[in-house]
Amino acid sequence: MTALLSPDPFFWQGRRVLLTGHTGFKGSWLTLWLLELGAEVWGLSLPPEGQPNLFQQLGLAGARPERLRHHDNDLLDSAQVRELVEQCRPELVFHLAAQSLVRRGYRDPLLTWQTNVIGTLQLLEALRQRPDPCAVVCVTTDKVYENHGGTAPFLEGDRLGGSDPYSSSKAAMELAVASWRDSFCGSAPHQHPGLTLATARAGNVIGGGDWAEDRILPDAIRALQAEAAIVVRQPAAIRPWQHVLDPLAGYLLLAERLHQGDLNERAFNFGPDPADSRSVAEVVDTLLRHWPGQWQEQAEPQAPAESGELRLNSERARQLLGWRPLWSFELAVARSAGWYRAVHQGASPLECCLADLASYQQSVHRETSEP
């Protein structure tokens, strides 16, 4: 098929989009991109967490009120979810709301399972009650696969699993979405003919504005800002690193195709090129080329177990959506470091994000212009 590479601005102009988790890191980036594309965005999320946070840094709570309707709602409150779905009447849904941190999952496993599984089902049930067509992209994670320490990249059909509350709850979310699709999406009398569902599994996302706890890049930036050594727990661990704009472009393309109604696959990986699965040490060393400092390994004997290697095969997204990652590992780290350093020196976070979006669109243009 002809490569699409980037979302179609004509498609998104004026579309009613419900975005859960819009106050998070990826949610804030996606909200901004959708607004730039001309969509009407309804956000459902808990208030942004921590200081600083990207949602507030971008001024999204009060931005373009005619096209961004911000709601501090709990996904576990079924009445709130139903009410917002009724008000929004969404044509497309991006479900990003989640408890997304591995270590927090150990501290609060029940809330992790409730949010990631029951919260998802609350949303799907509210959407099922509406008669209108709707395309839904449910975002999970690359950690949904049962990982026994192999080196082969995971395919969408590989066995799901998870040894920690976060990973297992996201794998359970995948099963819940698949069963919902089989049960309630289709042409049978008890089914919804216009409700289309798919899940998206991204790699380890980096980019400016991530301030979450226990993630290597935000932890490194906080150390650099404090002129302290970066503490690295697992320098040899290999992950599929990618800039946040690459998987978000994939989510948008997937939603467009779901809306067309001609896509049968239920899950898509969005990961970097195989060569860009790198070690944590390489992430930090590359970051320090753009923001000088030091790092040190610090073993944690009581730390939760983590897999040593994780890779994704994204051939399905390449073949069926025309998607492929546009920013290399080195460029992803460079753009991320540039964002944090510029903001640290007083630049506007919004202008830095818009500059990254413009640069990404230039990458699309170069890719599509090449013979």
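The values are calculated or read from the model by the stated rules, or taken from the named source; none is laboratory data. Keep in mind that what you see is a predicted model, and the values were worked out from it rather than measured. No Cβ is skipped: glycine too gets one built from the backbone with ideal geometry, and neighbour counts run over all protein chains shown. For accessibility, only protein heavy atoms count, side chains too; no ligands or nucleic acids. Shrake-Rupley method; radii C 1.70, N 1.55, O 1.52, S 1.80 Å.
The table below lists the values:
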item: Unmet requirement for HIS148, which otherwise passes all of (1) in contact (Cβ under 8 Å) with a residue 12 or more places away in the chain; (2) in a loop (DSSP other than H, G, I, E, B); (3) open to solvent by 60 Å² or more (accessible area, probe 1.4 Å); result: (1)
item: Candidate set: region 151-169, residues that are hydrophobic (A, V, I, L, M, F, W, C) and in contact (Cβ under 8 Å) with a residue 60 or more places away in the chain; chosen: the one farthest from THR120 (Cα to Cα); result: ALA152
item: Whichever residue in region 170-195 is outside any loop (DSSP other than H, G, I, E, B) and without any contact (Cβ under 8 Å) to a residue 40 or more places away in the chain and, among such residues, is most open to solvent (accessible area, probe 1.4 Å); result: LEU175
item: Residue match in region 267-287 (condition: of a type in the set (Phe, Trp, Tyr) and over 22 Å from GLY150 (Cα atoms)); result: no
item: Of the criteria (1) out of contact with any Phe, Trp or Tyr (no Cβ under 6 Å at 6 or more places or on another chain); (2) touching a residue at least 12 places away in the same chain (Cβ under 8 Å); (3) of a type in the set (Asp, Glu), which one ASP285 fails; result: (2)
item: Residue list for region 299-316, filter: touching a helix residue (DSSP H, G or I) at 6+ places or on another chain (Cβ under 6 Å) and either at pLDDT 95 or above or under 21 Å from GLN362 (Cβ atoms) (or both); result: LEU312
item: Subset of region 222-234 that is surrounded by fewer than 18 Cβ atoms within 10 Å (Cβ to Cβ) and in a loop (DSSP other than H, G, I, E, B) - its residue that is modelled with the lowest pLDDT; result: ARG233
item: Among residues of region 239-266, those that are within 14 Å of the chain's Cα centre (by Cα) and of a type outside the set (Ser, Thr, Tyr), counted; result: 15
item: Flag if SER359 is within 30 Å of LYS143 (Cβ to Cβ), free of Cβ contacts under 8 Å to residues at least 60 places away in the same chain and not in a loop (DSSP other than H, G, I, E, B); result: yes
item: Check on PRO292, touching a Gly at 6+ places or on another chain (Cβ under 8 Å) and modelled with pLDDT of 95 or more; result: no
item: Close pairs from region 114-125: first closer than 14 Å to PRO165 by Cα, partner open to solvent by 10 Å² or more (accessible area, probe 1.4 Å) and modelled with pLDDT of 95 or more, Cβ under 6 Å, at least 6 apart; result: VAL117/ALA172; VAL117/ALA176
item: Evaluation of ASP158 against (1) open to solvent by less than 20 Å² (accessible area, probe 1.4 Å); (2) more than 30 Å from GLU300 (Cα to Cα) (one fails), failing number; result: (1)
item: Enumeration of residues in region 263-289 that are at pLDDT below 95 and of a type in the set (D, E, K, R); result: GLU265, ARG266, ASP273, ASP276
item: Pick from region 113-136, criterion charged (D, E, K, R) and in a helix (DSSP H, G or I), ranking: farthest from SER187 (Cα to Cα); result: GLU125
item: From ASP210, ASP219, residue being open to solvent by less than 40 Å² (accessible area, probe 1.4 Å) and at pLDDT 95 or above; result: ASP210
